[in-house]
1. Anything in segment 83-97 that is modelled with pLDDT of 90 or more and either in a loop (DSSP other than H, G, I, E, B) or of a type in the set (A, V, I, L, M) (or both)? List them, or say none.
2. Within the bounds of segment 50-62, is there any residue that is assigned to a loop (DSSP other than H, G, I, E, B) and not small (Gly, Ala, Ser)?
3. Which one of the conditions (1) farther than 20 Å from residue 26 by Cα; (2) modelled with pLDDT of 95 or more does residue 40 fail to meet, given that it meets all the rest?
4. I'd like the full set of residues that are touching a Pro at 6+ places or on another chain (Cβ under 6 Å) and under 17 Å from residue 31 (Cα atoms), limited to segment 54-111.
5. When you go through (1) of a type in the set (Gly, Ala, Ser); (2) part of a loop (DSSP other than H, G, I, E, B); (3) touching a residue at least 40 places away in the same chain (Cβ under 8 Å) one by one for residue 71, which number turns out not to apply?
6. Just checking, how many residues over segment 98-124 are among the aliphatic types (A, V, I, L, M), more than 17 Å from residue 64 (Cα to Cα) and either free of Cβ contacts under 8 Å to residues at least 12 places away in the same chain or in a strand (DSSP E or B) (or both)?
7. Within segment 49-67, is there a residue that is among the acidic types (Asp, Glu), modelled with pLDDT of 90 or more and under 21 Å from residue 112 (Cβ atoms)?
8. Within segment 52-86, can you find the residues that are out of contact with any helix residue (DSSP H, G or I) (no Cβ under 8 Å at 6 or more places or on another chain), more than 12 Å from residue 106 (Cα to Cα) and of a type in the set (Asp, Glu)?
Amino acid sequence: MKTRQALGLIGVALLLASCSKPQPTNYYYPADLKSMNLPVWDVTNDIPLTPDKAVLAASHYATSKHTDIAAWDVESIELRKEFGTTDTWVYGVSLVDPKSNRREYDIHVLMDGSIWKPTTEKRY
């Protein structure tokens, strides 16, 4: 009986391994942001893009990638100064589809409401 269970587990593992395809590595280059004329935010002033607007932008982007998903739940939202810049702030929004549990991790929303899309090109 243990042999049958072991073979069943091996079969499941092989099935899962064959179903998952490797995803390309995504790269973000902060130097690309310099030419975008983004709103600058001084943390003592009003923020150019509020969190609710960032979530809406991320949701629209995720829905455009996954047209079969009608609504997303916010899993997390983070506001951070982009590494390698002096004054560029970015929201990182992670979403989850409550029905399928499909996730879109760390969608980069810029202060003008646009999405900073990654590239698969490694430059350095």
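The values are calculated or read from the model by the stated rules, or taken from the named source; none is laboratory data. Every value quoted in this text rests on a predicted model; they were computed, and no experiment measured them. We place every Cβ from the backbone using ideal geometry, glycine too, and count neighbours over all the protein chains shown.
1. Result: 88, 90, 93, 95, 96, 97.
2. yes
3. Failing condition for residue 40: (2).
4. Hits for segment 54-111 are 82, 84, 85, 111.
5. (3)
6. Residues meeting the conditions: 1.
7. The answer is yes, given that some residue of segment 49-67 is among the acidic types (Asp, Glu), modelled with pLDDT of 90 or more and under 21 Å from residue 112 (Cβ atoms).
8. 52, 68, 73
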